Number of protein chains: 6
Amino acid sequence: MTDAAPPISRYPVPALEAMPEDIRARILKVQEKSGFIPNVFLMLAYRPDEFRAFMAYHDALMDKEGGLSKAEREMIVVAVSAANQCQYCVVAHGAILRIRARNPLIADQVTANYRKADITPRQRAMLDFALKVTRQAEAVDEADSAALRGHGFGEDEIWDIAAIAAFFGMSNRLANFTSLRPNDEFYGMGRS
Amino acid sequence: MTDAAPPISRYPVPALEAMPEDIRARILKVQEKSGFIPNVFLMLAYRPDEFRAFMAYHDALMDKEGGLSKAEREMIVVAVSAANQCQYCVVAHGAILRIRARNPLIADQVTANYRKADITPRQRAMLDFALKVTRQAEAVDEADSAALRGHGFGEDEIWDIAAIAAFFGMSNRLANFTSLRPNDEFYGMGRS
Amino acid sequence: MTDAAPPISRYPVPALEAMPEDIRARILKVQEKSGFIPNVFLMLAYRPDEFRAFMAYHDALMDKEGGLSKAEREMIVVAVSAANQCQYCVVAHGAILRIRARNPLIADQVTANYRKADITPRQRAMLDFALKVTRQAEAVDEADSAALRGHGFGEDEIWDIAAIAAFFGMSNRLANFTSLRPNDEFYGMGRS
Amino acid sequence: MTDAAPPISRYPVPALEAMPEDIRARILKVQEKSGFIPNVFLMLAYRPDEFRAFMAYHDALMDKEGGLSKAEREMIVVAVSAANQCQYCVVAHGAILRIRARNPLIADQVTANYRKADITPRQRAMLDFALKVTRQAEAVDEADSAALRGHGFGEDEIWDIAAIAAFFGMSNRLANFTSLRPNDEFYGMGRS
Amino acid sequence: MTDAAPPISRYPVPALEAMPEDIRARILKVQEKSGFIPNVFLMLAYRPDEFRAFMAYHDALMDKEGGLSKAEREMIVVAVSAANQCQYCVVAHGAILRIRARNPLIADQVTANYRKADITPRQRAMLDFALKVTRQAEAVDEADSAALRGHGFGEDEIWDIAAIAAFFGMSNRLANFTSLRPNDEFYGMGRS
Amino acid sequence: MTDAAPPISRYPVPALEAMPEDIRARILKVQEKSGFIPNVFLMLAYRPDEFRAFMAYHDALMDKEGGLSKAEREMIVVAVSAANQCQYCVVAHGAILRIRARNPLIADQVTANYRKADITPRQRAMLDFALKVTRQAEAVDEADSAALRGHGFGEDEIWDIAAIAAFFGMSNRLANFTSLRPNDEFYGMGRS
């Protein structure tokens, strides 16, 4: 095992004081809420315009009212991130999933094999679709939407599933490229 | 072949008049510049917040000053979109690539097999890396960056390649999911 | 972008005068008809016996009377060649497809993602089968033929689809191996 | 989420009293040591002869003196089981890995993407090889062993890595086939 | 072609006299029965404890009374070993399959493409399932068992199919890793 | 196992008397030489023009003087056909390979895993390249030819390897599509 404090990202992390005001404000807010700064904020702060667009996109998909539950959204993120082998997203969103679902087991189950997780048939269909968007989007068609409607999903929820899978597919690639390191705090959150 | 005017997207397209002011303004601006409205704007207008974040992200990566040339950025988009079998992105960005590169052949070459395209060894290395981010981001590491630096790319350009590949990976999935149709205008642009 | 006139093939191209009479005659005939000599003729002329067998096979499959339309045969060629990433075949047969189908958009659509192309359900089934022959011929079985019969294809047409897919699978491999370069003329043909 | 106590295995689990004496003894011993009975013992008890052979094989590979450390053996198990999407093995051996390595983070890191885990270059080489045995054993050759020797591994340790990867490849398939459920106790073990 | 007598295994093969008594006895017994010592015994004798566990597991699955016929068990071994490209297992178990099935053609048919072999629909379903366990065990579910029950397989036979596929998946990896060489005797056995 | 004499091909086989004279003559000649009619001749006779082109192509590649030995050509056919899971080609050309190489073991070795076969490093390089043409022709480039030249292959031999791999890739697809059955005679040929 290595000794030195491992870097957060392959790229430089700007000091809080050196960040544009809006970015610093957003980061201080999440720090206040979580008790620590999730490393994705620090990695992206190296690129302020991308930081802003990324966060706006994230919020549009993950903080939207109605439709999929917060836990279901995180379930999609964890399943997609496991398929893409994104360590940061699996660990960080695994923590959020445990909290949102009030279930200490669910994240590790979805990470290892979502087909064996303690989820409903409706959630299983949701994740099957998210994985198809992830791995074979070129073959997604109306039959996929029909199957989801058969489980009670509306067209807007279907868009949400696809868009969350697509957005985190991007996020997974960025995190793998920058070797983004999950904060130690995430590993134990929501486990009891 | 089918007869009816084919739909732009599986989802409803809002009327220009019904769109939020900022979105309508952006669309009218692109229409003025291009002579038509690229369908991706209309598809995304169904979701105003996602429209705004998508366009902000797009502009941060594609309209950035310095570093990769505009043609090189489009080359990445076309190579990645071909790998992801995204019809809209291949056709629309193929048109833009022809124009940016002032080369009527380049887009079809990159689409079919970028390894055989009329590109420099440096551009070949750029596209090899963009494809690795697309297909195997979990294995991207420092050796990939070293190889790119050997071709004269700086760390910021390397980030740009990875980020463009990741962003259009998202875009490709959304376009395939919504069955986004390329405007007829794109096919012939920049061919003479 | 490179400056020197790029080579047609990794292998030497014999002079017209040095070719066997029958091969020169065939080449002059296609030149008269098309206005230029498609490079595949020059590449293969390096191997006269293979040239003859290749052209005889090609004609038996592509110039056969009855059954699939000429446009449908080219559609198969383009879809298979795109899957095999064969630049020559995608560009050259894309041109022929546009002309045969009198449709300037169809080739680029089929190249990028045939599932989103302006084709009939019958043609979609035809291409799905051609792709299965291309990628998973070991699993082709009677159920595939039954599905095609359900779309009105006869057994002889089904053979044609499979044989065209198989023949161009060979052609794609030869063209990729020799780095066969598409003639510039193909790119713009049939686009207006 | 589902309500009923979920089954341990798709197959019947014999009562402790109904098991052959040697199997019951082994199970009581592990229960005494761990405080609970890992479900793999109960699943396999349905087939006493396979139970005995499995445990003998397991002990020969995992409890062997010398060579790879206990933590390294578990690291191999977790990396291979993640690649094979085996929920039981990832969760159960993830717990054992945390304990053996006295590291609460290591199991989740290896599960998500072992290339980004806090491991030494020697351990990275070990896991690269274990994954090659898992996914492409037909191409393993002397060059793989030479690379491992370059990291200080002896021929017997190289056998151990391969044999552990192969054995847990079997174990992963059995667990996925029987839908073997990880005990709830494993999830939190070794996390603080 | 090479001249020297090729090695049986990348690892040393102990002399019969130097082996533990039980292992020597087992080997002498198989030699008496077959007329030669199958090389897998010699390769594994390098590791006595693994030898014992391997043989115990093998016998529990392959010599079990009732259920699948001996020929069917070998059919599974050959199909799985061909998928895993294990030369030793394909050649050695191909020989045994020919003998058990009293069919000189069956082993080569199953090796090349089991879907085209002279087998019953029930056996085809059995091999389809064995291959799914081999290649995609993470997606095996109750529907697979239901399909097999529809062909008359009982739950215990279904376990046997899965366990044989899993065990020989391990065996294939060990044989590929050690470059285990098939005895010359196997190639011609059962061919007339 | 099935009882009825199994069909040679999914398509009708014309009677010898009903075949065009040149095709009947070719078939009678091979029958005289081999003692039986290989089924591929009967299957293809259903399509006389394709029969002629196929045989002309086959002869141009396989009966050519100089360069690769006859045994090496068949080795390529067997390795490629095994990768494509073509039962007819593996069994029929396996027989021819045994005879050409005067080696009763070589065909089964190459079929199962050519990397473990009794071949020279030069032949190993030849088969690695044939497999790359088979599976990833889009990435074949000058470096592949350079590697082969390093093993003493000339440019014309390299063309032969690629062309044989490409031609039998076509042949494999046709045989799998028509369910072409190997003659029983092939299985035992050249085994003693």
Qualifying position, being within 7 Å of another protein chain (Cβ to nearest Cβ), surrounded by fewer than 24 Cβ atoms within 10 Å (Cβ to Cβ) and not aliphatic (A, V, I, L, M), among B:ASP156, B:ASP108, B:ASP118: B:ASP118
Residue match in region F:129-146 (condition: surrounded by fewer than 23 Cβ atoms within 10 Å (Cβ to Cβ), farther than 18 Å from F:LEU68 by Cβ and in contact with an Asp or Glu (Cβ under 9 Å, 6 or more places away or on another chain)): no
Specify which of the listed residues (B:ARG191, B:ARG135) is part of a helix (DSSP H, G or I), in contact (Cβ under 8 Å) with a residue 24 or more places away in the chain and not hydroxyl-bearing (Ser, Thr, Tyr). B:ARG135
Run B:GLN31 past the list (1) at pLDDT 95 or above; (2) within 30 Å of C:GLU72 (Cβ to Cβ); (3) polar (S, T, N, Q) and report the number of the one that doesn't hold. (2)
Which residues, taken from region E:149-174, are in a helix (DSSP H, G or I) and of a type in the set (Gly, Ala, Ser)? E:GLY150, E:ALA162, E:ALA163, E:ALA165, E:ALA166, E:GLY169, E:SER171
Would you confirm, using the coordinates I've provided, whether D:ARG98 is free of Cβ contacts under 8 Å to residues at least 12 places away in the same chain, away from chain E (no Cβ under 14 Å) and either farther than 20 Å from D:ILE161 by Cα or assigned to a helix (DSSP H, G or I) (or both)? no
Within region A:54-74, can you find the residues that are away from chain B (no Cβ under 11 Å), in contact (Cβ under 8 Å) with a residue 60 or more places away in the chain and surrounded by fewer than 19 Cβ atoms within 10 Å (Cβ to Cβ)? A:GLY67
Given the conditions (1) buried (at least 19 other Cβ atoms within 10 Å of the Cβ); (2) more than 9 Å from every other protein chain (Cβ to nearest Cβ); (3) more than 20 Å from E:ALA56 (Cα to Cα); (4) of a type in the set (Gly, Ala, Ser), and given that D:ALA45 satisfies all but one, which numbered condition is not satisfied? (3)
Residues of region F:1-41 that turn out to be over 30 Å from E:THR120 (Cβ atoms) and surrounded by 12 or more Cβ atoms within 10 Å (Cβ to Cβ), as a count: 13
Return the residue satisfying two criteria in turn: it lies in region F:2-38 and is assigned to a loop (DSSP other than H, G, I, E, B) and aliphatic (A, V, I, L, M), and of such residues it is farthest from F:VAL91 (Cα to Cα). F:MET19
What are the residues in region D:52-68 that are part of a helix (DSSP H, G or I) and either more than 15 Å from the chain's Cα centre (by Cα) or modelled with pLDDT under 95 (or both), if any? D:ARG52, D:ALA53
Whether any residue in region E:63-85 is in the same structural domain as E:ASN176 (by TED's automatic domain parsing), charged (D, E, K, R) and in contact with a Ser or Thr (Cβ under 7 Å, 6 or more places away or on another chain) is what I want to check. no
Do we find that E:ALA165 is more than 8 Å from chain D (Cβ to nearest Cβ) and under 28 Å from F:ASN172 (Cα atoms) in this structure? no
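Under the condition of being of a type outside the set (A, V, I, L, M, F, W, C) and under 15 Å from E:ASN176 (Cβ atoms), which residue from region E:69-101 is nearest to the chain's Cα centre (by Cα)?
Per the stated criteria, the residue is E:HIS93.
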The lone condition F:VAL77 fails out of (1) surrounded by fewer than 23 Cβ atoms within 10 Å (Cβ to Cβ); (2) under 30 Å from C:GLU142 (Cα atoms); (3) not acidic (Asp, Glu) is (1)
Picking from E:ALA146, E:ALA130, E:ALA125, the residue that is within 18 Å of the chain's Cα centre (by Cα) and assigned to a helix (DSSP H, G or I) would be E:ALA130
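For every residue, the table says whether it meets (1) small (Gly, Ala, Ser); (2) touching a residue at least 40 places away in the same chain (Cβ under 8 Å); (3) closer than 19 Å to A:ASP141 by Cβ.
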position	(1), (2), (3)
C:GLN85	no, yes, no
C:ALA112	yes, no, yes
C:ARG115	no, no, yes
C:ARG124	no, no, yes
C:GLY154	yes, yes, no
Mind checking whether some residue in region D:175-188 is within 14 Å of chain E (Cβ to nearest Cβ), touching a residue at least 60 places away in the same chain (Cβ under 8 Å), over 21 Å from D:PRO6 (Cβ atoms) and in a loop (DSSP other than H, G, I, E, B)? no
Subset of region C:105-158 that is of a type in the set (S, T, N, Q) and touching a Ser or Thr at 6+ places or on another chain (Cβ under 8 Å) - its residue that is farthest from C:MET62 (Cα to Cα): C:THR120
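The values are calculated or read from the model by the stated rules, or taken from the named source; none is laboratory data. Please read these numbers as outputs of a predicted model, since none were measured by experiment. Backbone-built Cβ (ideal geometry, glycine too); neighbour counts: all protein chains shown.
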